[in-house]
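Reviewing the structure listed below.
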Amino acid sequence: MKLKLAVLFGGKSTEHEISIISAIQAIGHINRDKYDIVPVYITKNNDFYVGEYVDKIEEYTHIPELIKKSTQVIWVKEGDKVSLCRWPMKKFGNNVISQVDIAFPIVHGTNVEDGTLQGYLATLGLPVVGCDVLSSAVGMNKYVMKTVLKDNGIPVLDCKCYTWKDYEDVNALVEKIEKAFEYPVIIKPLNLGSSIGIKKANDRDDLLEALDLGFEFSKKILVEPAISDLKEINCSVIGDYEEAKASECEEPVNSDDILSFEDKYIGGAKGGAKGAKTGGSKGMASLKRKIPAEISDARREEIRKMAVDAFKCLGCSGVSRIDFMIDKKTDKVYLNEINTIPGSLSFYLWEPLGVKYADLLDEMIELALKADRESHKVVYSFETNVLEGVHLGGGSKGAKG
């Protein structure tokens, strides 16, 4: 019997549209001999919709019309079964649209990739493809991620974290940053991806603009030194805490100092809808890049090993992409960030090693089923009589006694 696989995408995120592309692209490659796919679109209000049109990329040029001809659903858990049910429910008749055996979130950004959605699905008792709540949250929070990696001997750039409270006195904040770092510096929202809200500052005027931009998208920002002569290298990893392996390395070709949102997505948007519809190599795969990266064999293996080490260190599962920076002046490698659900699921980094996209997706799903089997071996609750005879009338003393 085939498993019912719910593929979730969209959500209340600045990367909402990119998630749609990644997910519909993946749906075209999932093995339908093994899985019955239930595409689930999450609106920017975090409502869930299903229907015959939600996996059609061309429908997303008119989302209000798509919503009108789709069915809103809620998740309902009854015993060991999880179902998607019509909402609002009808008084008579069957409201179950589909049962679900496993969830596959293909989402990007805050409120969805950061553990929020993973936690919700976990409370339903569903196996979830990809990282769990903790690794998703740590991977999204750039400051926490760097702290964990640094504590485990993985090289990252020094950084400082500042909040909206610091931003209330922007002149004092500028002085703090200038005392901590020399120009140029990079300002990043703490928990966003796709280069949204990131800006390089070469002087105080740039810094003020960068702070305005960063705090527009996040209540916390990260400041770190900018590498003036930079080579970027990305590498994907698949696996879990026990075993993981690295993909080929890529070298993105950017049009500016920072690989922008436009570099990643808009520049390859021509024909993107067609590519997503047919499952073709679009989305992040359309970015200009060199595969394999123009680096020595020794450096390639160094980065691939570092990627696997970081993946395991952060407790990741499924497929992630780890982005590195090489300072050409010092020839030092730094881990920049991890993408726990990368654009296009980084399938294009596995193709050079002979791994087909369908096989990559299949392995991700199998890893989730493995994690679910392991979870049933752990004791999470047990019977106890601790509540017997408890009287709360006496406050804390009564509760204790």
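Counting other Cβ atoms within 10 Å, keep those with at most 12, restrict to DSSP loop, and tell me which chymotrypsin sites (Phe, Trp or Tyr not before Pro) in segment 1-93 are left.
Answer in residue order: Phe92.
Looking at the P(r) of the chain, how many percent of alpha-carbon pairs lie beyond 36 Å?
Value for the chain: 30 percent of Cα pairs lie more than 36 Å apart.
Counting only complete DSSP H runs, which helices of the chain cover 18 Å or more along their long axis at the Cα atoms and score a mean Kyte-Doolittle of -0.5 or above? Show your work: numbers first, answer last.
Values: long enough: 204-217 (20 Å, 0.01); 297-313 (24 Å, -0.82); 357-375 (27 Å, -0.24).
Answer set is 204-217, 357-375.
Hey, what's the chain come to in accessible area per residue, 1.4 Å probe, Å²? Can you show the working numbers first?
Values: 19780 Å² over 401 residues.
Per-residue value: 49 Å².
If R₀ is 22 angstrom, what is the calculated FRET efficiency for the pair Lys179 and Lys332, using the beta carbon separation as r and rounding to 0.05?
E between Lys179 and Lys332, to the nearest 0.05, is 0.40.
When DSSP assigns beta bridges and you keep just the ones with both residues in the chain, what percent turn out antiparallel, to the nearest 5?
Expressed as a percentage, antiparallel bridges in the chain total about 80.
Would you calculate the separation in nanometres between label points at Thr71 and Ala172, each defined as 7 Å from the Cα along the Cα-to-beta-carbon direction?
Taking the simple label geometry, Thr71 and Ala172 are separated by 5.7 nm.
I'd like the GluC sites (Glu not before Pro) in segment 74-171 restricted to DSSP loop residues with at most 13 other Cβ atoms within 10 Å, sorted by number. Write out the running numbers ahead of the final one.
Details: sites: Glu78, Glu113, Glu168; in loops: Glu113, Glu168.
Answer in residue order: Glu168.
Report the FRET efficiency, 1/(1 + (r/R0)^6), for His376 and Leu230, where r is their Cβ-Cβ distance and R0 is 51 Å, rounded to 0.05.
Approximately 0.65, to the nearest 0.05.
Which listed residue (Thr71, Met306, Val253) has the Cα farthest towards the positive end of the charge dipole for the chain, taking +1 on Lys and Arg C-beta and -1 on Asp and Glu C-beta about the Cα centre?
Result: Thr71, furthest along the dipole toward the positive end.
If I stretch the segment between Leu392 and Lys288 completely, what's the gain in nm (0.36 nm per residue apart, minus their alpha carbon distance), one decimal?
Result: 30.9 nm gained on full extension.
Where nothing but the Cβ of Lys and Arg (+1) and of Asp and Glu (-1) is charged, how large is the charge dipole of the chain around its Cα centre, in debye to the nearest 20?
Value, rounded to 20: 1080 debye.
How about segment 292-401: which trypsin sites (Lys or Arg not before Pro) there are in a DSSP loop, with at most 15 other Cβ atoms within 10 Å of their Cβ?
Of the trypsin sites (Lys or Arg not before Pro), the ones in loops of segment 292-401 whose Cβ has at most 15 other Cβ atoms within 10 Å are Lys328, Lys329, Lys356, Lys377.
Over segment 1-115, what is the percentage of antiparallel beta bridges among all DSSP beta bridges, to the nearest 5? Can you show the working numbers first?
Working: 15 of 27 bridges.
Antiparallel bridges make up about 55 percent of those DSSP assigns within segment 1-115.
Quantify, in whole percent, the carbon and sulfur part of the accessible surface of the chain (1.4 Å probe; protein heavy atoms only).
The computed percentage sits at 51.
Going toward the positive end of the dipole of segment 126-240, with +1 on Lys and Arg Cβ and -1 on Asp and Glu Cβ, which of Phe215, Pro225, Ile238 do you reach last?
Ile238
The values are calculated or read from the model by the stated rules, or taken from the named source; none is laboratory data. Given the structure is predicted, the values throughout are model-derived calculations rather than measurements. Note that we place each Cβ from the backbone using ideal geometry, even for glycine, and neighbour counts take in every protein chain shown. Accessible surface is based on the protein model in full, side chains and every heavy atom, while ligands, DNA and RNA are left aside. Shrake-Rupley method; radii C 1.70, N 1.55, O 1.52, S 1.80 Å.
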